[in-house]
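S.K.: Please see the structure below; I have some questions.
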């Protein structure tokens, strides 16, 4: 049977229309509100209307939240900076859920820790950057479970492990209820998003669902932003790497060009000055080159003088030379405007130094390699110069040896000398220079390096130097001065008498005898003339100890008296003998009164006996006094 629909009267239709309108608006209705609209109805209808109104209200609110969520997501997609995105995510979440505080903790997979990176509504400076250790607090539980976690009252909840720093931050913010939801994308946990209130309360299911939904969307956006940031950073790094590579290639090309220029300079016969100038132009710094004895050879500016002190490298530079020599690379100095030192070495032999001043920026690796390659050029230059010097020294040395030996054919020697531009037919002074093996090589280098090289022959006791000069005393002085000017130590140089080329062997023989005689007299440094010691060499030979013993035997008491009383009896005896036994002439020589001379001679008589002024005894005493005077007053500063 088909029931006929009951037509509602106008009043009922108006009541139902009013109810539907109120339901559509999302208004919350109580039972009384339903009865006020429909009139007296049973409880079932009133309850149903109330439930329908509540459901419609929730759906409308949900729809608004989802609309806001979608709008926020669309806005956040445009943000590419990760830190700025974190702040925007927290701001959107805060506006969406409406809690007192919203913050985000970012997860560090390496340490299994979380760090608060963005917040909204906080007032404590302690909160930002807060570290959450592994396994501590609500955040760690969210990470472990990958599910939302919450507490209605943090202060009274003992369901999780605590950390004093976290507790202090939460207490300072007066937070009580907290809700944390995971932010994950592609199975990777990125962090935890928190909503918190300063009052104790339970979180409704729709609040948890809303924050979770936002966190899911935010995680995808954050993950995308991180990927985009990583790609951008990779592109920037690639661009920087390409720029560095291009710069490196250009620097290497420049270094190669410098090396080619330096090599060409050496091959074309240029020296250290041009090498230093070329390197200085390339580096834009002061450059100096020193020889194997650390003496300055070439410099581009006067400021390099500060790198030496009294002819010696400053201590930091000397230490850097040791390091560079050991490593074969540049060594830093950083003192007195000197940046690096590079030892020019061949094998283990030091051939020179390359010194580079400080610049506005540190030397690059390529520039340091340029300096090191330039050090090799300096070594090559030194080896080239040494080869030429060795060849010249060998030829000149062979000529000198033949002259010294006295056995070669003089006509042949003159022809050989003429080829070298040496004129043998002139007076020659021979200079004997004793030297041990350890110092003989630098001595040879130094004496051969003059603008007018001498003829030098190596002998078992040292070196013999042949100087074209008619003044043997001046020749000995010049030989010693050339050595001392380079910082050399004590040196004995004994000049012989002048001789023709055929007499050189005999002349040098006398000089070497004198050189052997002097050390026993206590003379270890000075320039001497063999004629001053010829009488004593004839009497004592080369036995200096015997000569000293003779002096002591003849005038020992007089020497002792002079030492005790600081008198000049020994000098008076020598002057008396030189004056032929004349008191008056002795007084004039000594610039004293004749009575003073008489008193001194009387004192000598009391010390030596009355016979000393007669004939042969006077001769023997005079020899001893003169020898002592030579030993005591020899001018060693010639």
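S.K.: Quick check on my filter: what residues within the range 274-312 are within 26 Å of residue 484 (Cβ to Cβ) and either assigned by TED's automatic domain parsing to the domain that holds residue 486 or within 17 Å of the chain's Cα centre (by Cα) (or both)?
M.R.: Within the range 274-312, just 307 meets the criteria.
S.K.: Looking at 206, 161, 216, which one is part of a helix (DSSP H, G or I) and under 57 Å from the mean Cα position of the chain (by Cα)?
M.R.: 216 is the lone residue from the list that is part of a helix (DSSP H, G or I) and under 57 Å from the mean Cα position of the chain (by Cα).
S.K.: So, in the range 278-314, exactly how many residues are crowded, with 16+ Cβ neighbours inside 10 Å and touching a strand residue (DSSP E or B) at 6+ places or on another chain (Cβ under 8 Å)?
M.R.: Final tally of qualifying residues: 22.
S.K.: Hey, could you check the range 560-579 for residues that are within 23 Å of residue 550 (Cβ to Cβ) and not in a helix (DSSP H, G or I) and say which is farthest from the chain's Cα centre (by Cα)? Give the steps one after another, and end with the answer.
M.R.: Our first condition is that a residue be within 23 Å of residue 550 (Cβ to Cβ); within the range 560-579, this holds for 560-564, 567-579.
Remaining after also requiring not in a helix (DSSP H, G or I): 567-568, 579.
Details: 567: 61, 568: 61, 579: 70 Å.
Filtering first and then ranking leaves 579.
S.K.: Let me spell it out: the conditions are (1) surrounded by 18 or more Cβ atoms within 10 Å (Cβ to Cβ); (2) out of contact with any helix residue (DSSP H, G or I) (no Cβ under 9 Å at 6 or more places or on another chain); (3) modelled with pLDDT under 80, and residue 94 meets all of them except one. Which number is the exception?
M.R.: Unmet condition: (3).
S.K.: Ok, one more. Applying the selection to the range 591-602, what residues are part of a helix (DSSP H, G or I) and modelled with pLDDT of 80 or more?
M.R.: Of the range 591-602, the ones part of a helix (DSSP H, G or I) are 594-602.
Within the range 591-602, 594, 595, 596, 598, 599, 600, 601, 602 qualify.
S.K.: Of the residues that make up the range 495-506, is at least one at pLDDT 80 or above, in contact with a strand residue (DSSP E or B) (Cβ under 8 Å, 6 or more places away or on another chain), closer than 30 Å to residue 464 by Cβ and surrounded by 19 or more Cβ atoms within 10 Å (Cβ to Cβ)? Give the derivation first.
M.R.: First pass over the range 495-506, keeping only residues at pLDDT 80 or above: 495-496.
From what is left, the residues that are in contact with a strand residue (DSSP E or B) (Cβ under 8 Å, 6 or more places away or on another chain) are 495-496.
From the residues that got through so far, the ones that are closer than 30 Å to residue 464 by Cβ too are 495-496.
Subsequent filtering for residues that are surrounded by 19 or more Cβ atoms within 10 Å (Cβ to Cβ) retains 495-496.
Checked the range 495-506: at least one residue is at pLDDT 80 or above, in contact with a strand residue (DSSP E or B) (Cβ under 8 Å, 6 or more places away or on another chain), closer than 30 Å to residue 464 by Cβ and surrounded by 19 or more Cβ atoms within 10 Å (Cβ to Cβ).
S.K.: What's the number of the only condition in (1) touching a helix residue (DSSP H, G or I) at 6+ places or on another chain (Cβ under 8 Å); (2) surrounded by 14 or more Cβ atoms within 10 Å (Cβ to Cβ); (3) modelled with pLDDT of 80 or more; (4) not assigned by TED's automatic domain parsing to the domain that holds residue 472 that residue 555 fails to meet?
M.R.: (3)
S.K.: Hey, another quick one. I'm told residue 114 meets every condition in (1) buried (at least 17 other Cβ atoms within 10 Å of the Cβ); (2) out of contact with any strand residue (DSSP E or B) (no Cβ under 7 Å at 6 or more places or on another chain) except one. Can you identify the failing condition by its number?
M.R.: In the conditions (1) buried (at least 17 other Cβ atoms within 10 Å of the Cβ); (2) out of contact with any strand residue (DSSP E or B) (no Cβ under 7 Å at 6 or more places or on another chain), residue 114 misses (2) alone.
S.K.: Among the residues of the range 361-379, which ones are over 14 Å from residue 342 (Cβ atoms) and in contact with a helix residue (DSSP H, G or I) (Cβ under 8 Å, 6 or more places away or on another chain)?
M.R.: 364, 366
S.K.: Looking at the range 121-151, which of its residues are over 18 Å from residue 168 (Cα atoms) and either in contact with a helix residue (DSSP H, G or I) (Cβ under 9 Å, 6 or more places away or on another chain) or in a loop (DSSP other than H, G, I, E, B) (or both)?
M.R.: 146, 147, 148, 149, 150
The values are calculated or read from the model by the stated rules, or taken from the named source; none is laboratory data. Note that the structure is a prediction, hence the values are computed from the model and not measured. Here Cβ is always computed from backbone atoms with ideal geometry, including for glycine, and neighbour counts include all displayed protein chains.
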